[in-house]
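Notes follow once the structure below has been shown.
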Amino acid sequence: MATPDLSPTPSGDDGPPVIDERAAMWAASLLVPSRRDDPAAARALRTEIAADVPDLDAAARRWSGLGHGLPPTQARVVGRLGWVRINVSSLRGAFAPLREKMTGNRAVASRVVGVQVGALLGLLSTKVLGQFVLPFGGPGGGDLLVVGPNVLALAERQGDLAVDVRRTVVLHEITHRLQFDGNPWLGDHLRGLVGRYLAEARVDRAAMLDLAPRLPRLVAEVRETGTIEPIIEAVLTEAQARIVAEAQGLMSLLEGHGNTAMFEASTGDLIADPDAVRGLLAERHGDVASKVLALAGMEMKRRQYREGEQFVRGVIELGGVEALNRAFSAAEHLPLGHEVADPAAWLARVRAA
C-alpha cells in the first residue's frame with residue numbers, strides 16, 4: 001500500500017475543518033479490501049438496479065402512504081471507497097458544533113475526528129449493500145446508494161437469492177427516502193439531535209492529546225471486533241448518553257418502519273423467497289442508517305431493531321398505516337423510548353393531542 005497523504009485537509013479562514021477528510025480516507029483505506037470487479041458484471045448490475053427501482057419505489061409508496069408528490073426515486077451504484085467519500089461529505093455540516101470546542105491544536109483534533117469517522121465508514125463499506133444517505137448536512141442531502149462490490153460478492157455466495165436480498169434492501173432504503181424527503185421536518189429534527197449531541201462532545205486539546213497515542217491500538221480493535229465502539233467509548237460523555245436515550249424512539253421508528261416495509265410492501269412478484277431473505281438478513285447487524293449514527297454514539301442494538309418493528313406492526317394492527325403515519329407528522333408525535341414497547345400508549349397519546 002502506498003504511503004498515505006496525511007497532510008491536513010486544506011482549511012478556510014476559520015482554520016482546519018472539523019473532519020480531516022484525508023485522514024478519514026486514509027483510515028478507511030486500511031479497512032477496505034482491494035477488489036477488482038468484472039466490468040461486465042458491474043455494468044449488468046447497474047442495468048438491473050435501474051430496472052428494479054421504479055417497481056420498488058411504487059411498492060414502498062403504496063404500502064407506506066408516504067411520498068406523495070415526490071419525484072421518482074433514483075439509485076446510484078458506487079464502489080466501497082466511493083461510498084465512504086460520499087458519506088464523509090454528507091457529514092461536513094453535521095459536525096459543525098464541534099468547531100468551537102476544537103481549542104489548542106485544531107489540526108490534531110481534526111485528524112482524530114477524521115480517523116474516527118474514516119474507521120467506522122471503512123468498516124461499514126465492506127458490509128453495506130444499500131443506503132439512503134441521511135441528510136445530516138442540510139435539506140436535500142439524501143442520496144440512495146448501492147455498493148456494487150458488496151452486492152456482487154453477495155451474488156457469488158448466495159446465487160439467485162442475492163437478487164431477492166438486493167431488492168429487499170433497496171426497498172428498505174427507499175422507505176427511508178420517503179420518510180425524510182416526504183417529511184422535511186424529520187431531517188431538521190435529526191440534525192438537531194446530532195447537533196446537540198456533538199455540542200456536548202469533549203474535543204479539547206487535553207482530550208485529543210490523550211486519545212492520539214491510543215489511535216493505532218483503537219483502530220486495530222475496530223478491525224478485530226467489527227465494531228466502532230472502541231473509538232466511540234474513548235470520547236463519549238455523560239451528557240451525550242442522555243441525548244442518545246432521547247434518540248432511541250426516533251431510530252426505533254425509522255428502522256422498524258423500514259424493516260416492516262421490506263416484507264409487507266414486497267408482496268407479489270417483487271421478492272421470490274421472502275422467508276429466505278428474512279433469515280439471511282437476520283444474521284446481519286442492522287441497518288446502515290443507524291450505523292452511521294454510531295459516529296455520534298447513537299448506534300442501535302439488535303434488540304432495538306426488533307422492538308422497533310414490533311412497535312410499527314403493533315400500531316398498524318391497532319389503527320392501520322394511517323395511524324402509524326401520525327408519527328411522521330410532527331416531532332411531538334415521535335414515539336418516546338418507553339412507548340416503543342407499548343404501541344397502544346403511543347397511539348392514545350397522539351390521538352389525544
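Some notes on this structure:
- All conditions in (1) at pLDDT 90 or above; (2) exposed (fewer than 15 other Cβ atoms within 10 Å of the Cβ) hold for P4, with the sole exception of (1).
- Tabulated pairs, the stretch 234-252, first more than 20 Å from A330 (Cα to Cα) and of a type outside the set (A, V, I, L, M), second in a helix (DSSP H, G or I) and at pLDDT 70 or above, C-beta under 7 angstrom, 6+ apart or interchain: Q240/Y197
- Considering the stretch 141-196, and only residues there that are among the small types (G, A, S) and assigned to a helix (DSSP H, G or I), the residue that is farthest from the chain's Cα centre (by Cα) turns out to be A155.
- Residue count, the stretch 16-55 (criterion: within 20 Å of the chain's Cα centre (by Cα) and either free of Cβ contacts under 8 Å to residues at least 40 places away in the same chain or under 30 Å from S329 (Cβ atoms) (or both)): 1
- Count - residues of the stretch 248-274 that are small (G, A, S), part of a helix (DSSP H, G or I) and buried (at least 23 other Cβ atoms within 10 Å of the Cβ): 4
- Those residues of the stretch 7-38 which are at pLDDT 75 or above, of a type outside the set (S, T, Y) and assigned to a loop (DSSP other than H, G, I, E, B), in sequence order: P17, V18, I19, D20, V32, P33, R36, D37, D38
- For the stretch 91-130, the set of residues classified as over 25 Å from L45 (Cα atoms), in a helix (DSSP H, G or I) and of a type in the set (S, T, N, Q) consists of S110, Q116, listed by residue number.
- Filtered residues of the stretch 292-338 (kept if at pLDDT below 80 and not in a loop (DSSP other than H, G, I, E, B)): V292, L293, A294, L295, A296, R302, R303, Q304, Y305
- Conditions (1) part of a helix (DSSP H, G or I); (2) of a type in the set (A, V, I, L, M, F, W, C); (3) in contact (Cβ under 8 Å) with a residue 24 or more places away in the chain; (4) surrounded by fewer than 17 Cβ atoms within 10 Å (Cβ to Cβ): number failed by L70: (1)
- Some residue of the stretch 266-273 being farther than 20 Å from V340 by Cβ, at pLDDT below 90, of a type in the set (D, E) and under 20 Å from the mean Cα position of the chain (by Cα): no
- Some residue of the stretch 39-54 being under 20 Å from L145 (Cβ atoms), modelled with pLDDT under 90 and in contact with a helix residue (DSSP H, G or I) (Cβ under 7 Å, 6 or more places away or on another chain): no
- Pairing each residue of the stretch 327-345 that is charged (D, E, K, R) with any residue that is buried (at least 21 other Cβ atoms within 10 Å of the Cβ), provided the two are 6+ apart or on different chains, yields C-beta distances under 6 Å for E339/W346.
- Test for V151: is it at pLDDT 85 or above and closer than 28 Å to A41 by Cβ: yes
- Inter-residue pairs, beta-carbon under 6 Å, first farther than 15 Å from D57 by Cβ and in the stretch 260-280, second surrounded by fewer than 17 Cβ atoms within 10 Å (Cβ to Cβ) and of a type outside the set (K, R), 6+ apart: F263/P274
The values are calculated or read from the model by the stated rules, or taken from the named source; none is laboratory data. Note that this is a predicted model, so its numbers are computed, not measured. In this analysis, Cβ positions are derived from the backbone assuming ideal geometry, glycine residues included, and neighbour counts consider all displayed protein chains.
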